[in-house]
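Asks: Below is a structure I'd like to ask you about.
What follows draws every value from the coordinates through simple rules; no lab data is involved. In this text the structure is predicted, and so the values were computed from the model without any measurement.
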Amino acid sequence: MGLRYPPYAFTENEVAMLSSVLNSDRAVLFNIQIMRTMLREILVTHEELRWKIEQMKKKNDGQFKIVFEVIR
């Protein structure tokens, strides 16, 4: 027995695409939150990448301060 109607749910990728197309303040904030979550997942699963980013942070902290605050 299959579904007669598609579910009223979106995947993470669909929500990211939708929020990037919409031009409201709420959509922009939502898209930023999705990207932060995705970056956290990448950093947790890839220790070497996290280590390299930390080294880069120490070396260029003044230049990339805003970028690293967003990643946190």
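Asks: Straight-line reach from Lys52: which aspartates and glutamates fall under 18 Å, measuring Cα to Cα and dropping same-chain residues less than 8 apart?
Replies: Filter leaves Glu41, Asp61, Glu69.
Asks: Still on this structure, I have one more. From Cα pairs below 8 angstrom and at least 6 apart in sequence, can you work out the relative contact order of the stretch 12-71, rounded to a whole percent? Before the final figure, lay out each step's value.
Replies: Values: 20 pairs, mean separation 14.8, N = 60.
Value for the stretch 12-71: 25 percent.
Asks: With axes computed from alpha carbons, what is the tilt in degrees of helix 25-45 against the longest principal axis of the chain, rounded to the nearest 10 within 0 to 90?
Replies: Approximately 60 degrees, to the nearest 10.
Asks: Now a separate question. Can you classify the stretch 12-71 as rounded, prolate or oblate using the Cα gyration tensor, where a ≥ b ≥ c are the square roots of its eigenvalues, rounded means a/c under 1.5, and otherwise it's prolate if a/b beats b/c and oblate if not? Could the numbers behind the result be given before it?
Replies: Details: a/c = 4.26, a/b = 1.75, b/c = 2.43.
Verdict is oblate for the stretch 12-71.
Asks: Among the aspartates and glutamates, which have Cα under 14 Å from the Cα of Lys65 when same-chain residues fewer than 8 positions away are ignored?
Replies: Glu54
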